[in-house]
Structures are given as structure tokens and as C-alpha cells.
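The values are calculated or read from the model by the stated rules, or taken from the named source; none is laboratory data. Bear in mind the structure is a predicted one, so any value in this text is a computation, not a measurement. Here the Cβ positions follow ideal geometry from the backbone for every residue, glycine too, while neighbour counts run over all protein chains shown. Calculation scope for accessible area: heavy atoms of the full protein, side chains included, ligands and nucleic acids excluded. Shrake-Rupley method; radii C 1.70, N 1.55, O 1.52, S 1.80 Å.
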Amino acid sequence: MTGHVADPRGQPPRWRTALLTALALYGVTAAAGILADGHHSDDWRHMAGASDLWVAVEGRWLLDAIFRFVLGERFLLPMQIALAFPCLWGFSTIIARHAASPTMRPIATLAIFAVGTNHLFLADALSFASSVFAYPLALVLSAAGYDLITRQARTPIRRFAQLLVSAQLIAASIGIYQTYAVAGLIVPTVVLIRSDRHSFPAALRVAALGAAVSVAAIAVYLVEWRTYAAVMDMTIESRRFQPVTLDGLFEKLREYPALIKSLHTGSIMQIPRPVRMAMGLFAAFSILMPILGAAVMRGRQGPALNILRSAIGAGLAMFIFPTLFWLFYAGDAAPARAFGFIGFWSASLVISGLSLLEDRTLRVLRPGQAIVGAAVTAMAMLNAFVVSAFWSDSAHLGQRDEELARAIHARLAATQGYDGTFRLAGGIQDRSFSWGTLAGWTSFHAGNPSIGLFREMFGLEGSFAALPVSPRACHGFPAAGSVFRHEGKTYVCLQDLPAYTDDMRCADIDNMPGDRICLADRAIIHVSMTCLTRSVGNGDLNFAFLYRDSSHRALRRFSTANFPVLMHDECHTIALAPPTRNLDAIELWMQTPDGGAAWRERIDIKAFRATP
């Protein structure tokens, strides 16, 4: 099914030059950026060790295992950076093996690496200090799994063994980060495009085997996830990625054009307009290049079929495969890091299109090489420039958070009655270092349930939360009155806030007599004479926001991450609320330990009344 792979030892200068160039580029951009990167909210939490969240809620069991047993629950950034490079280079090499001819593979690998490694979406993923190695590993595992499908085997038994290994590699990728398991789908896609190397029946066989192995990989992953959870004595409390309903799928299809536009122009993140335009133009070039290459190539098959194959392949790579996970799970838009492989894919499509021209005369080939070389070089340079700015801003954001933490700690030390525990109210409003992602999100954001930098910087014990609201009106830190005491607790206001009780609307909970559920600006509040704990009803109190003209359900729960506030002989348990625009009703249910519901109750938005 595949052509002969050239022995790299036959071209040592080209491979050596490509590898050294990639290593130098990686060193001055990604590696330097990761080392200088400031810690964001998740990083500070992970400094305290691994959390059951990865396994119990998100299903990323192998990510948990790597952090626990390979890294020893430490960041070890130099080691992770060193391990990430061969993964990213290997991912690029596997793609180039299919996209380029043997003589062009060194420079093709370098081109794919240069465009992909410094793509802003991948930088978003690499900014998580606990996963610098794991995310690139997920990419290369997926690519290796799908690459194995394309390889020949001498006997049926060996072929079956190949497919089993392929399924396991892809399952391991799912166990690290689900969306990166689709990264290897670029391999069968390029096989379809390369009509000069693969017959149409051969491409269809690769596609069919890829689909079958993908299903097997999901089954293997589910078994391994549950086995790991059982061995580690973890309870799978919630399956975060539930299948989408039919109504939800139709809604996502309506949102689909906007997602595709934001994906290929980079506007999932907050980037300058000229950069968005350049990314959009390169994405369009990536789609057109295979089609143009098929239109002028010399081949045994008819030009119409070649063009159709390239058009389908480019369409799958740019419009369908990257969004598969988002389309079929019940949830809102995925973060930019979920598409961290898209830069590798775009470059591979361009190179695949150029490869279709290689049997043409120099009159056709040389202009094509010049155009592709210029486009790829320009995109790689732009990505390197943008990602350097990203890493610089991320480092400044981390420094600013630490400076603010020192100032807060000094003010608290001088506060009468301060006992070493406190709560923050609101969040920092300055978004000057924000890129529209968690990486550009200050640790001091409203609703952060656990701010770990106080524990790591000052050795303070306990949990420090940033409540979305304040129990009393206050000015933002460091203004006078920004630090105050309320019912024996110390609070620090990070922004100007009113008392949340001034604008609180409540409704009775029929299944919890005497209790109420309330809404305030950015907050949902459970009100009772006794504080809500996870032992209530032997489970958690869950809630979902139901919206008009939408099947999307914003699911949340009250848990130990939500802190009680004593107010007028009542206990208010406060959680960050989902958006309330077009809110139609709130559904409440008490979850039992087995994942069922002891009761369910729907409360229409009209039932909420202002409190006296």
C-alpha cells in the first residue's frame, strides 16, 4: 500500500541538517517559552500532586499515570522538554513519510515540524506544565497507530498483530487526551490524496481498516480506563464526555460554520486581525494545493477521480476530522488546545499537493516548489513570531500573579483577626496578557475553586477560593476596605462588587423542604439553615441550566469546591453559574453514589422571585 521508505543514511547531510534546524527552532521558541512560562491556575494546583479529576471525571487515565509514575508528580520541565521533541519530530516524520517522496522527506519533515510545533493552539497545550511531554506523546501515538495500518505484512497472523498494536497505540492516545487521538487520521487522509502512489481501492482499504481499528481502540480504551481506576481505587464519578443528543447534534451543525472559521483563522484565541487573515489564507492554500496538484498531475487514473480524491481528502482534513470529537459529545466549544495538531495537518496537505507534481516537467514543478516553499516558510516564521509573543505574555502573567499574591499576603498579615485562611471575591479584570485561553487566564479569576499559589509560595494550608460574588459591597484590592471580615472569615475583594444579596432571586426546592435555590450575578446559591455537604442524600446536588430554543444543558454540581457563606442565620453555598442569557429553567437532582438520581426537579425561571 505504501511506497519504499528511503534509508535516511543514504542522505545524511539532508536529514542531519533538517534535524539540527528543527532542534534549533524548537530550542529558541517552544523550549525557551516553556522554561520561562509563568504558572497558570492548573499548574499551581498540580504542584500539590496528581488529582483524581483526570481519571474520575475526564477519563485521561494515561495522562494521570505519566504524571504520577513517570514524572513523580513533579513538573521536571527540562526532562519533559527533552522528551517532547522526539515526539513532535516523530509525528512530523510519520506524516512526511506519506505526504512527500523519499528524496523530499527531510525538508518535508522540517516544514511540517516548523509550521506545527509553533502553532498557537499547540502552545496553548504545552503551557500546561504537567503535560508538556504527554500531549506530544498523544500525537505521535495516534500517528503511529494509523501509520501501522498502511504497512504490509507477510502473513495474515502478522497483519492481525499489526492491527492489534495499532488499536492499542490509538487507545493510549485517547487515554492521554481524547481529541489528540484523531491526529493520526491525517495518515489515511494523505493516502487518499496521493493518487500517484495509491490506487483508489488501496485507499479505500486503508480507510476501512482505519475505521475498524478506531472502534476497537475506543473499546480497548474503555477497558483500560476502568481497570486503571479500579487499581488506583478511584471512583468514576462522572463521564464528562457524554454522547450528543439528536437535537444537540443539529444545534452543533448550525454552529459548525462559525467553529470552522474560528479554527482556521485562529480566532478561537484572541489574536491580531492580520494574523487571523494570514492563518485563513494558509488554510485556504492547504485545501487548494492538493486539488491543484491532482488537476495537473500525470496519472493512470482519470483526472476527475484524482481531483475528487484530493478534494475529499482536503475536506476531511480541514472540515470534518478535526471536529469529530466536538460534534459527537454533549458540550460546548472545545478549547484551542484541543486542535493543537492543526498546524501539522495544514502543512502536510500543502506538501501532499506539491508531491503530486513531481512527475511533471521542471517548468511546472519549479514554480510549484517556489510557491510552496515561500508559503510554508512565511507561515512557519509567522507562527514562530506569534508564539514567542504568547510565551512572553504568559511569563509576564505568571509574574503578575505572583506579585499580586505577595501583596495580598502582606495585607492579610496586617489584618486583625486573620488566622491563615481567607477567601477571594471576584476576579482580576485586566486582560492585557490574555490570549483567550486558560493559558492567558489569571489564577485570580472569579470562581476559581482552588488557588494553589498561596500554598506553594507561602506554605499556607487549606483551600483558597475565588468566589464569584462578595457577601458585602467592597472595592477592588488594594483599595481601602478591599480586605474585610465577615462571620469569622477574611475576604479579599479583587474587583468592585456589590453585596450579592442585593440582587438575589430565589425559588423553593420542593424535594428539600425549607431549602431554596437562588440566582445572583454570575452565581447560583443553595440556601438552607444548614450548610450543604456532599453527604446530603449520600451524593451531590447537581444542577443544569436549560435554555430557550436550545438543547444544550450546562451541567454543574455543588461540591466541596463550593464554599459556604454564613448570612443571617442561613448557610449559602455558592457556585459559579453558567451564562443566564435565554435561561428557561433550572433542573436539580440529587445524585446517588451509583450515578443515579434520588430525585429530580425542574424549576422554571419565572418561579424565581427577588428576596426581601
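Quick rundown of the values:
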item: Simple label model, 7 Å out from Cα along Cβ direction - ALA304 to SER434, nm; result: 5.3
item: For region 377-391, Karplus couplings with θ = phi - 60° (6.51, -1.76, 1.60), whole Hz, Gly/Pro x; result: 4, 4, 5, 5, 5, 5, 4, 5, 5, 5, 5, 5, 5, 4, 5
item: Segment ALA295-ARG14, length gained on full extension (0.36 nm per residue, minus Cα span); result: 98.1 nm
item: Reachable aspartates and glutamates from LYS606, criterion Cα separation under 14 angstrom, eight or more residues apart if same chain; result: ASP508, ASP584, GLU587
item: Listed peptides 605-612, 22-29 by packing density, highest first (mean Cβ within 10 Å); result: 22-29, 605-612
item: All aspartates and glutamates inside 15 Å of LYS252 as judged from Cα atoms, apart from same-chain residues fewer than 8 positions distant; result: ASP332, ASP549
item: Solvent-accessible area per residue for region 395-493 (1.4 angstrom probe, square angstrom); result: 40
item: Unpaired by the 4.7 Å Cβ criterion, cysteines found in the chain; result: CYS87
item: Ranked packing of 569-576, 466-473, most packed first, by mean Cβ within 10 Å; result: 466-473, 569-576
item: Carbon and sulfur %, accessible surface of the chain computed with the full protein complex present, 1.4 Å; result: 62
item: Lys/Arg +1, Asp/Glu -1 at C-beta; the chain dipole; positive extreme among PRO471, ILE174, ILE107; result: ILE107
item: Amide H within-cut-off set for GLU73, under 5 Å, with H built and near neighbours excluded; result: ARG68
item: Highest average packing first - 38-49, 77-88, Cβ atoms within 10 Å; result: 38-49, 77-88
item: Amide proton proximity set for ALA499, modelled H, under 5 Å, gap of 5+; result: ALA473
item: Expected 222 nm ellipticity per residue - DSSP helices of 4 or more, -39500 (n - 2.57), all of the chain, to 500; result: -15500 deg cm²/dmol
item: J(HN,Hα) series, region 410-423, from Karplus relation 6.51 cos²θ - 1.76 cosθ + 1.60, nearest Hz, glycine and proline x; result: 5, 5, 4, 4, 9, 8, 5, x, 5, 10, x, 10, 7, 10
item: For SER195, distant residues with modelled amide H under 5 Å away; result: none
item: Extended-chain gain in nm, criterion 0.36 nm per residue less alpha-carbon gap, GLU251 and GLN369; result: 38.3 nm
item: Karplus-derived HN-Hα couplings along region 193-199 (A = 6.51, B = -1.76, C = 1.60, θ = phi - 60°), whole Hz, x at Gly and Pro; result: 5, 6, 5, 6, 10, 10, 5
item: Which labelled figure in [x] 26.6, 86; [y] 60.7, 207; [z] 23.4, 76 is Rg and Dmax of the Cα atoms in Å, once derived from the coordinates; result: [x]
